[in-house]
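Enquirer: One structure is given below, represented as structure tokens, and several questions about it will come after.
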Amino acid sequence: MLAEKGIHRVNPGETPDIVIVNTCSVTELADKKCRQTIRAFARKWSNAAIVVTGCYAQLKPQEVASLPGVEIVAGIDRKLKLAAYVDEWLASRTPMMEITPAKEIREFNPSCSRGDRTRWFLKVQDGCDYYCSYCTIPMARGRSRSASVHAVVDKARQAADSGAKEIVITGVNIGDFGKGSSENFFDLIKALEQVNGIERYRISSIEPNLLTDEIIEWVSKSRNFMPHFHIPLQCGDDEVLKLMRRHYDTTLFRHRVETINRLIPDAFIGVDLIVGARGETPERFESSREFVESLDISRLHVFPYSERPGTKALEITPVVENSVRHDRVKTMLAISDDKLSRFTSRFIGTVRPVLLEHSQKDGFMHGFTDNYIKVKVPAVPKLANRIVEVRLDSVDGEEVNATIIG
Ligand code: SF4
């Protein structure tokens, strides 16, 4: 849209007239990094107009507007209007603040973006109706909403026409796709599989109560949906899960993991965890650690609990000290390293399909196997964005050295 108005991306070393910052507000640290980034841009390009959008802009528009260099603050539902706002600002040079209160946001436009990556990201849903006690996302993103299956499939077709081979299905709570309509997430994935040209789909993070056995069974037979799942657990203790107001317990979570392992034994299963949440006593952390250790999963994504203003979690006691939160992160990360190395080692000596990425470094190219193992092969530039068979030779940290064999 910006390009249509004659605005182009600067090359390295050039000075921009406009800087667009897309912000996050998932933790206190995210807010801080956004402020630091905006200030750094204002120092570096003192004559540039800074445009800020995303969750931090939505939640704290006044705070953002007061930062140096900021001329336009646009809420999360206004991103697709940024080009028009920039036009308006160029004509008037007057600061603008365009925010819809999150509760009133109803509009959703699916989008498919490539950025500089080989993989494409298809956003099918936004917002969340769950209100987990620690989370500000519903306050920033508003109610759950999505496009029709037809509109999303159209986006996937356009991506395929532009050369996309792999699409990651994203959203805030994607399992909620279609809520309030006669369609659902299962209808969506069945329709996407029919799009010609897209050889791989990955389902990004999906709530365990919404990743039904029916979906897992269907993925196990699908040609194009990869054996790769990302499921947020957040804590492996039922008391803490209740305090977090999550929509499942550890029994259901274990059942999902066991179903995946039974039907798709080679699947990669990534699991999100928040440690040190309010109410996570040493005993409850220990029970969570034992639960996580007992799961047959591939990797953990571990985050220390972050206090967020306006959340229900602030009423919970006891509070876990910061230093303890960080010790718990280390404990869980050690478990994660162990699980990842066991998972990866299982596939050494086997042959798997890899989509090779465009970027090259030190004579090597990277890519992911169908079951999400990151591999490194000697670069063959003409094979970028192609799916090739590789033999997995040896583990090298978080990657695997591999040989192209077909
Ligand atoms: S499901 Fe819970 S953690 Fe996820 S976005 Fe919704 S409220 Fe936040």
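Enquirer: So who's got an amide H within less than 5 Å of the one on Asp393, skipping anything under 5 residues away but keeping other chains? H placed 1.01 Å off N, in plane.
Expert: Residues meeting the criterion, in which the H sits 1.01 Å from N, are Gly349, Asn401, Ala402, Thr403.
Enquirer: Once you order the gyration tensor axes a ≥ b ≥ c over the Cα atoms, which shape class does segment 64-213 get: rounded for a/c under 1.5, otherwise prolate or oblate by comparing a/b with b/c?
Expert: oblate
Enquirer: Which order do Glu98, Glu217 fall in if you start with the one that has the fewest other Cβ atoms within 10 Å?
Expert: Sorted ascending by nearby Cβ count, the order is Glu217, Glu98.
Enquirer: Starting at the first residue of segment 89-105, write each ³J(HN,Hα) from the Karplus equation 6.51 cos²θ - 1.76 cosθ + 1.60 with θ = phi - 60°, in whole Hz, x for Gly and Pro.
Expert: 5, 4, 6, 9, 6, 10, x, 10, 9, 10, 10, 9, x, 3, 5, 9, 6
Enquirer: Continuing with the same structure: Let a ≥ b ≥ c be the square roots of the eigenvalues of the Cα gyration tensor of segment 251-306; is it rounded (a/c under 1.5), or, if not, prolate (a/b larger than b/c) or oblate?
Expert: Prolate, because a/c is 1.5 or more and a/b exceeds b/c.
Enquirer: Just want to confirm a number: the relative contact order over the chain, from Cα pairs under 8 angstrom separated by 6+ residues, in percent.
Expert: The value is 10 percent.
Enquirer: Return the unpartnered cysteines for the chain, using a Cβ-Cβ cut-off of under 4.7 Å.
Expert: Cysteines of the chain left without a disulfide-compatible partner: Cys24, Cys34, Cys55, Cys112, Cys128, Cys235.
Enquirer: I would also like to ask the following. Mind listing the long-range amide H neighbours of Met97? Cut-off is under 5 Å, sequence gap 5 or more, other chains count too, H placed in the peptide plane at 1.01 Å from N.
Expert: Val73
Enquirer: By its C-alpha gyration tensor, with a ≥ b ≥ c as the square roots of the eigenvalues, how is segment 223-346 shaped: rounded for a/c under 1.5, else prolate for a/b larger than b/c, else oblate?
Expert: Prolate, since a/c reaches 1.5 and a/b exceeds b/c.
Enquirer: Note down the nm distance, to one decimal, between modelled labels 7 Å out along Cα→Cβ at Thr317 and at Ser111.
Expert: 4.4
Enquirer: For the residues Thr369, Thr350, Thr100, what sequence is obtained by ranking on other C-beta atoms within 10 Å, fewest first?
Expert: Fewest to most other Cβ atoms nearby, the residues stand as Thr350, Thr100, Thr369.
Enquirer: List the residues whose amide H sits under 5 Å from the amide H of Ala49, counting only those 5 or more places along or on another chain, with H placed 1.01 Å from N in the peptide plane.
Expert: Residues meeting the criterion, in which the H sits 1.01 Å from N, are Ile18, Val19.
Enquirer: Now for a separate question. Place the peptides 79-85, 169-175 in order of packing, highest mean first, counting for every residue the other Cβ atoms within 10 Å and averaging per peptide.
Expert: 169-175, 79-85
Enquirer: How much net charge surrounds Ser336 when only the other residues with a Cβ under 13 Å from the Cβ of Ser336 are counted, with Lys and Arg +1 and Asp and Glu -1?
Expert: +1
Each value in this text was obtained by applying a stated rule to the coordinates, not by laboratory testing. Because the structure is a prediction, the values reported are computed rather than measured. No Cβ is skipped: glycine too gets one built from the backbone with ideal geometry, and neighbour counts run over all protein chains shown.
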